[in-house]
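Participant: Please find one structure pasted underneath; my questions will follow.
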Amino acid sequence: MLERLLQHEAFRERDVEVWHAAISLLRQSALPLLRDTQRDIAENLCQQARIIVGQSARRFQEALRLQSEQRAQILRKIEAALITTFDVRKLFDVLAAELPPLGIPACALALYENPSAYAYPQALPPYSALMFAYTPQGRKALDGQEERFETPQFFQHDIMSQSTRFARIIEPLYFLEEQIGCLVLDIGLREGDVYEALRVEISSALQGALLVQRIQEHAGELERYRHHLEELVQERTVELIRINTRLNDEIVERARAEEAQKIGEQQYRMLAEHVKDGIMIVQNGKFVFVNSSFSEMLGQSARAILDANPLSLFWEATRQQVSAFLEMSQTDGAHSAWQVEMITENGQPLWVEIEESAIVWNSQFALLLTVRNIHQNKLREIRLEEERARLRQENLTFRSAMSERYRFGALVGKSPAMQRIYELVINAATSGVNVMIVGESGTGKELIAHTIHQVSRRKDLPFVPVNCASIPETLFEREFFGHRRGAFTGADRDTPGLFDRAHRGMLFLDEVTELTPAMQAKLLRVLQDGEYTPLGGNTAKRADVTIIAATNKDCRAEIEAKRLRQDFFYRIAVIELFVPPLRERREDLPLIIEHILEQYWQTHAEHQPRQSFSELPPELIQALYAYAWPGNVRELQNVLQRYLATQDINAILSLTGAAPQTRVMSVPMGTSPDATLLDAVEAFEKQMIANALTHNQHHIGKTADTLGISRLMLYRKMKKHQL
């Protein structure tokens, strides 16, 4: 249609009305094929075409009035060619043929690269392409890629004449109100009136040609879109038919489901009235069903509950949380359970556990809440939690106090090893599990067992010690489990065993590795099952006893030698507490000695003058520090008591392996009479280490051996005393 219109003879003769008719015909044929957004663009293009046609007509008439008859004839010829030519290449052929006789010897067309990215006239695109040009030497058709150049250099392009006899005119070209390039003409200095008569027509013709070219491109594209849309409409029509069929099936199925749901709701109401737990259904923020169990739980009638706001049945402090739970369930429909306090009819709190789940009730979404009365269990749980928190706080208090204490019950010492023992004692006392205490003879294992008992919850209950080495295997069951009257000859009465005497308390098994494997097996049965049967009896008794065992042997070696059952060891050694020998914690000697002296003077103060650690002879203190103490604290206690009773220092020195003539270190001079025991000990320790270093010529290994301490401990004490 558009090609036939362009070939119409009326366009070769005249006038504006034909142009408008052509544009209207083009508009009527193209618009039905376009979408809404493309229609707006086409409308704008047609409007611009009309404007361009109008401008061309007015300029053409103006040229007729200004030019001579001969020039007017040439101009009308050019104008007719411009009006009837819509191809840019053909249009440039007309310009190359007709403009030079009118004094326009050169003309060039340049199009900008990506013009829409720049705001003209503030900025021009940096690059352009020279599309067509003619010069006095002839017409040139140029390749845009080969003639690409920077826009500011266009005016110096060598394709145009550089003669000063011509004036260079630059006419901008627009498309949809956007500058897309420019037309450059060289005009003779006396031919300005010719250009004025033609410039609008030339510019309009070029813009019109570009416009028609774009419309043709869009028309082809729109035709492709139309075919594509027709295919989509056909596919959508088929899909809608399938959807309609499926919806009809769903409507039928939903009607069946609603009928089945009504029957199910009636059955559910009947079942809900016969369950022990409370049941309520909440829909749109209101109760729609409650069973009799829930009414009895709150002491209210079902009608009163149905008329009430669901949140009013909960304590005010928890209503916001309950509302959040309900809203969350309505959002995700997830099954959940939570505990909360409700209010009974008489205003009393009632702890309940609520399980909620999403259901469909009367064809609408609803929440099913199952309510279980847990009031007594919750109160018991709260009391237990409070007790647990109290015990936890006491435990923390104990631990914080231990780090700075030199004494814990009857235990004495400030060394890291003793601090670790204090911590394990607290763990054993608070946990109530069986404990194995391992250490050399005389290290105070039974004293530690007593301390565990004194700080545990069983402190007011029996503590029964037993030396396992003193119990023969033939009397084991009789001693541990007791016997009934008549169990053997001479058994004229019921006699309780060790487990009876230690019931709900603690049983201390000293030298537990002296038990034979057979005896261990009998004890293991009690530890595993918690029951035992007295000798001669036929009724089992419960054993509520915490076992504290002690040994001076290596348990792993005893297990390897098959003298200690592995399963028995694991039962009695839930916590294994190692007591270091006295030689490995010599820093505790002053405190232990002072403690032994206090105990001694409490019973002997009336017979002889009181004597403190700082008042002991220096050579005795040195001997006590240097001795290895194979008998540990028990041997130290024996040596001190012997010295206090006899005052024979030479005998003590011989006993500890120190000759009387051995060079001794004096008590540090300058110690204040008001100095504390710890100050005196620190001063004496510093002097003793300094003398030992001098005696061994500052050889660290020899000095450590002389003092009976490790090299690491010697380095720490040298740093502490700045030696």
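Bear in mind that the values in this text are calculations on the coordinates, not laboratory data. The shown structure was predicted, so the numbers you read here are calculated from the model rather than taken from an experiment. Quick reminder, even Gly has a Cβ in these numbers, built from the backbone with ideal geometry, and neighbours come from all protein chains shown.
Participant: Scan around G482 for amide H atoms under 5 Å from its own, H built in the peptide plane at 1.01 Å from N, and keep only partners 5 or more places away or cross-chain.
Facilitator: Placed amide hydrogens put G497, L498, L535 under 5 Å from G482.
Participant: Just to verify a number: FRET efficiency for V233 and E355, C-beta to C-beta distance, R0 = 51 Å, to 0.05?
Facilitator: The pair V233/E355 has a calculated efficiency of 0.45.
Participant: Sticking with this structure for a sec: Can you list the HN-Hα couplings for region 682-687, worked out from phi with the Karplus curve (6.51, -1.76, 1.60; θ = phi - 60°), rounded to whole Hz and with x for Gly and Pro?
Facilitator: Calculated HN-Hα couplings, in order: 4, 5, 5, 4, 4, 5 Hz.
Participant: Please list, in order along region 621-636, the HN-Hα scalar couplings obtained from phi with the Karplus expression 6.51 cos²θ - 1.76 cosθ + 1.60 (θ = phi - 60°), rounded to whole Hz, x for Gly and Pro.
Facilitator: Calculated HN-Hα couplings, in order: 4, 5, 5, 5, 5, 7, 6, 7, 6, x, x, 6, 5, 4, 5, 4 Hz.
Participant: I've got another one for you. For region 544-582, which trypsin sites (Lys or Arg not before Pro) pass both filters: DSSP loop (anything but H, G, I, E, B) and at most 13 other C-beta atoms within 10 Å?
Facilitator: Here the trypsin sites (Lys or Arg not before Pro) that fit, given the DSSP loop and packing criteria, are K562.
Participant: Now, a different point. Treat each spin label as a single point 7 Å out from the Cα along the C-beta direction, and report the A324 to A255 distance in nm.
Facilitator: 4.7
Participant: Pull out the extension gain between Q364 and A417, defined as 0.36 nm times the separation in residues minus the alpha carbon to alpha carbon distance; nm, one decimal.
Facilitator: Contour length minus the Cα-Cα distance gives 12.0 nm.
Participant: Please compute the length gained on full extension between V574 and R407, using 0.36 nm multiplied by the number of residues separating them and subtracting their Cα-Cα distance.
Facilitator: Residue separation times 0.36 nm, minus the Cα-Cα distance, leaves 57.6 nm.
Participant: Right, another one. Counting only residues 5 or more places away or on other chains, whose amide H sits under 5 Å from the amide H of L173 once H atoms are built in the peptide plane?
Facilitator: Residues meeting the amide H criterion: I180, G181, C182, L183.
Participant: Let me ask you something else. Among Y532, Y600, which comes first, then next, by fewest other beta-carbon atoms within 10 Å?
Facilitator: Y600, Y532
Participant: Got a sec? How would S292, S128, S470 order by Cβ neighbour count within 10 Å, fewest to most?
Facilitator: If I rank by nearby Cβ atoms, fewest first, I get S470, S292, S128.
Participant: While we're on this one: Based on alpha-carbon centroids, what's the gap between region 469-528 and region 688-713 in Å, whole number please?
Facilitator: So the two Cα centres are separated by 52 Å.
Participant: What does the charge count near A543 come to, summing +1 for each Lys or Arg and -1 for each Asp or Glu among other residues with Cβ under 13 Å from its Cβ?
Facilitator: Result for the neighbourhood of A543: +3.
Participant: Taking a ≥ b ≥ c as the square roots of the Cα gyration tensor eigenvalues, with a/c under 1.5 meaning rounded and otherwise prolate when a/b beats b/c, else oblate, which class fits region 544-598?
Facilitator: It comes out prolate by the Cα gyration axes.
Participant: Quick one: which residues, 5+ away or cross-chain, put their amide H under 5 Å from the amide H of A167? H built at 1.01 Å from N.
Facilitator: I187, G188, L189
Participant: Can you give the extra length, in nm with one decimal, that the chain gains between R711 and A21 once fully stretched, where that is 0.36 nm per residue apart less the Cα-Cα distance?
Facilitator: The span from R711 to A21 would gain 237.0 nm if fully extended.
Participant: Taking a ≥ b ≥ c as the square roots of the eigenvalues of the Cα gyration tensor of region 405-577, is the shape rounded (a/c under 1.5), prolate (a/b larger than b/c) or oblate?
Facilitator: prolate
Participant: Roughly what would the spin-label model give for D567 and A317, points 7 Å off Cα along C-beta, in nm?
Facilitator: 5.2
Participant: Each residue of region 98-113 in order: what ³J(HN,Hα) in whole Hz does its phi give by Karplus 6.51 cos²θ - 1.76 cosθ + 1.60, θ = phi - 60°, with x for Gly and Pro?
Facilitator: Karplus-based 3J(HN,Hα) across region 98-113 equals 9, 6, x, x, 8, x, 10, x, 9, 8, 9, 10, 10, 10, 6, 8 Hz.
Participant: Follow-up. Once you put a point 7 Å from the Cα of H375 and another 7 Å from the Cα of L655, both along the Cβ direction, what distance in nm separates them?
Facilitator: Modelled inter-label distance: 7.2 nm.
Participant: Same structure, new question: Mind sorting I305, I51 by how few other Cβ atoms lie within 10 Å of their own Cβ, fewest first?
Facilitator: Ranking I305, I51 by Cβ neighbours within 10 Å, fewest first, gives I51, I305.
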